[in-house]
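The values are calculated or read from the model by the stated rules, or taken from the named source; none is laboratory data. Not measured: the values here are computed from a predicted model. For neighbour counting, all protein chains shown are included, and Cβ atoms are generated from backbone atoms with ideal geometry for every residue, glycine included. Please note that ligands, DNA and RNA were not included when accessible areas were found on the heavy atoms of the full protein model with its side chains. Shrake-Rupley method; radii C 1.70, N 1.55, O 1.52, S 1.80 Å.
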Amino acid sequence: MKTHSSIQPFVLVSLLSLFPGPLPAAESTAPIAAPDLVFDEVDGIVAVEAEHFSKQTLADKRAWHLTTSQSKPDLKPDADPAHVAGASGGAYLEILPDTRATANQKLIQGENFTDTAGLMTILHYKVQINTPGPYYVWGRVFSTGPEDNGMHIGFDGQWPASGQRWQTVQKQQWGWDCKQRTAEVHTGVPMQLFLDIEKAGEHEIMISMREDGFELDKFVFARKKEFQPEGKGPAVKVKAGTLPPAFPKWLRPHRHRSSFLRTGANRRPSRRATCDRCPAAMAKAAERWRSGFS
Ligand SMILES: [Ca+2]
Ligand SMILES: [Ca+2]
Ligand SMILES: [Ca+2]
């Protein structure tokens, strides 16, 4: 006897709402890393999540605010939405408020812009350097316009010329760069942004504001000029203290669809389309199949 497969697709559609919720400004500027956290240089590489700063100073007019898969700063103006999708460690920092998102908005020195390194909102990190010498500074940033794409980098209370005006011209995505903006080259000179750390031992890395609205996910110090980070960059290495746990991966709100087919006389289901993002919804779909079709 010829058996005929009857197909009755069972479709579950659920919308997952995981937009980050608002976080008061006082909480979004506080460090999540303990003061004793020291990052380690291994094989000429130091990798640090921006959100793992141990303290923040000169943050009265502008401050670095934390956005995570679970929360975002409750601060305006901020012209663009959160960009936590794709951020390393499920979190990044942004300098807010952003009163100059486009060139049409007024540039106010010492408020929404400063060309002076170390003048406004500074992040501090401790790092152990084992291999002294020049370190190229790579930043993983998300820029949406020409007024949110620069920062300054220094160490041990110094802001050397080679660490000023870090700049990227990549737009609308998380990306790595190591460029210095100069009077001649506004788009930035590749591999001209470095810090010369002459002594081994513990040092303090500092990152200060150049433009508000700047978004920093992670940074890497690389001893070799040939090194180029890819994806979310090299793994973070810790010399002392405890690394805060990563935030849960942000799941883009999506339509979740699973199809169950009943095939043959025994009507056993087979799962044809699944969503690997949402095991809870899959379990619910299976439960509904059992109660409704078995
Ligand atoms: Ca923004
Ligand atoms: Ca800006
Ligand atoms: Ca990060």
Per the filter on region 182-211, residues assigned to a loop (DSSP other than H, G, I, E, B) and in contact (Cβ under 8 Å) with a residue 40 or more places away in the chain are Met191, Leu193, Glu198, Lys199, Ala200, Arg210
Looking at region 96-116, I want the residues that are acidic (Asp, Glu) and open to solvent by 60 Å² or more (accessible area, probe 1.4 Å) and have a partner that is at pLDDT 95 or above and more than 10 Å from ligand 2 (Cβ to nearest atom) with Cβ atoms under 9 Å, at least 6 apart or on another chain. Which pairs are those?
Glu111/Lys61; Glu111/Met120; Asp115/Gln109; Asp115/His152; Asp115/Gln164; Asp115/Arg165
Any residue in region 117-130 that is in the same structural domain as Arg223 (by TED's automatic domain parsing) sitting within a Cβ distance under 6 Å of a residue that is basic (Lys, Arg)? List the pairs, counting only those 6 or more apart or interchain.
Met120/Arg62; Thr121/Arg62; His124/Lys55; Gln128/Lys239
Would you be able to tell me the number of residues in region 139-172 that are of a type in the set (Ser, Thr, Tyr) and either outside the structural domain of Lys126 (by TED's automatic domain parsing) or not in a loop (DSSP other than H, G, I, E, B) (or both)?
1
Residues being open to solvent by 60 Å² or more (accessible area, probe 1.4 Å), among the charged types (D, E, K, R) and within 16 Å of Thr121 (Cα to Cα) - total across region 39-78:
3
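The rows are residues; the columns are (1) closer than 25 Å to Gly231 by Cα; (2) within 16 Å of ligand 1 (Cβ to nearest atom); (3) open to solvent by less than 40 Å² (accessible area, probe 1.4 Å).
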| position | (1), (2), (3) |
| --- | --- |
| Met120 | no, no, yes |
| Tyr125 | yes, no, yes |
| Val137 | yes, no, yes |
| Lys171 | yes, yes, no |
Selected residue (criterion: farthest from ligand 1 (Cβ to nearest atom)) from residues of region 64-115 that are within 27 Å of Val220 (Cβ to Cβ) and β-branched (Val, Ile, Thr):
Thr114
